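Below: the structure, in structure tokens.
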Amino acid sequence: MGNDDLVTTRLETLVNFFREKGVNWARKNSLWPMPFATACCGIELMATGASRYDVARFGAEVMRFSPRQSDLLICAGRVAIKMMPVLQRIYLQMAEPKWVISMGACASTGGVFDTYAVVQGVDQFLPVDVYVPGCPPRPETLIEGIMAIQRLVEKEGIRPSAEREKGMRHVVQPTYQLTMPTAAE
Ligand code: SF4
């Protein structure tokens, strides 16, 4: 051939490369959330999709209200015991691989509603991957949670949730800073 530089590879290496760099890249940039908003946190979830925060920048603006078309369950707000079977059914109807964000103090711990009627943390019934703290969390915090899911997708790839067991239990740290107006303003 007249060319001393001969590159050989294995098909398996190529397949793994495209799976990690192609499928995972596409998947992480096209998360389709299934919103399960039951209370005030849902308003912040809606604000995240509006133009000011524009979650479309992260490819996650396609809110699906059908679990069969979703791969990211965002549970926002307190969940009553009676609603828990509904939430579980929605999760089970979502196709694998799928991820779960618990948004806000109520979804993660029951918040101030320490009563017999409110679930004291949806992770008792669902494999939560990322916890977004706050009461309510600001849209920036939810976006950080979505970015944490993106990092998981990149790292974990297409492993189903049963293999990932109870999720990664990441807790998002809010990164935004309050800015005080100066005297000139
Ligand atoms: S965490 Fe706060 S804002 Fe969110 S649902 Fe509970 S009370 Fe409402």
Practice task
Among the numbered conditions (1) out of contact with any strand residue (DSSP E or B) (no Cβ under 9 Å at 6 or more places or on another chain); (2) within 16 Å of the ligand (Cβ to nearest atom), tell me where CYS40 comes up short.
Solution key: (1)
Problem - In segment 122-145, the residues that are in contact with a strand residue (DSSP E or B) (Cβ under 7 Å, 6 or more places away or on another chain) and either crowded, with 21+ Cβ neighbours inside 10 Å or aliphatic (A, V, I, L, M) (or both) - result: VAL122, LEU126, VAL128, ASP129, VAL130, TYR131, VAL132, PRO137, THR141, LEU142, GLY145
Problem - Residues being touching a Pro at 6+ places or on another chain (Cβ under 9 Å) and away from the ligand (no atom under 12 Å from the Cβ) - total across segment 126-157 - result: 7
Handout entry: Any pair with Cβ under 8 angstrom, 6 or more apart, that starts in segment 43-65 at a residue that is of a type in the set (A, V, I, L, M, F, W, C) and ends at one that is open to solvent by 70 Å² or more (accessible area, probe 1.4 Å)
Key = VAL55/GLU61; ALA60/TRP32; VAL62/TRP32; MET63/TRP32
Exercise for the section: Please enumerate the residues belonging to segment 55-91 that are within 16 Å of the ligand (Cβ to nearest atom), assigned to a loop (DSSP other than H, G, I, E, B) and open to solvent by 30 Å² or more (accessible area, probe 1.4 Å). Expected result: ARG78
Practice task
Tell me, yes or no, whether segment 95-106 has at least one residue that is of a type outside the set (Lys, Arg), within 16 Å of the ligand (Cβ to nearest atom), farther than 14 Å from PHE36 by Cα and at pLDDT 95 or above.
Solution key: yes
Problem - Candidate set: segment 107-125, residues that are more than 9 Å from the ligand (Cβ to nearest atom) and of a type in the set (Phe, Trp, Tyr); chosen: the one modelled with the highest pLDDT - result: TYR116
Practice task
Among the candidates GLY59, GLY22, single out the residue that is at positive phi and of a type outside the set (Lys, Arg).
Solution key: GLY59
Problem - Among (1) at pLDDT below 90; (2) part of a helix (DSSP H, G or I); (3) not hydroxyl-bearing (Ser, Thr, Tyr) - the single one ALA47 does not satisfy - result: (1)
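A quick yes/no check of all residues on (1) among the basic types (Lys, Arg); (2) closer than 23 Å to ARG64 by Cα; (3) touching a residue at least 40 places away in the same chain (Cβ under 8 Å); (4) open to solvent by 10 Å² or more (accessible area, probe 1.4 Å):
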| residue | (1), (2), (3), (4) |
| --- | --- |
| GLN93 | no, yes, no, yes |
| SER102 | no, yes, no, no |
| GLY110 | no, no, no, no |
| GLN120 | no, no, no, yes |
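The values are calculated or read from the model by the stated rules, or taken from the named source; none is laboratory data. Here the structure is a predicted model, which means the values were calculated and not measured. All Cβ positions, even for glycine, are placed from backbone atoms using ideal geometry, and neighbour counts span all protein chains on display. Calculation scope for accessible area: heavy atoms of the full protein, side chains included, ligands and nucleic acids excluded. Shrake-Rupley method; radii C 1.70, N 1.55, O 1.52, S 1.80 Å.
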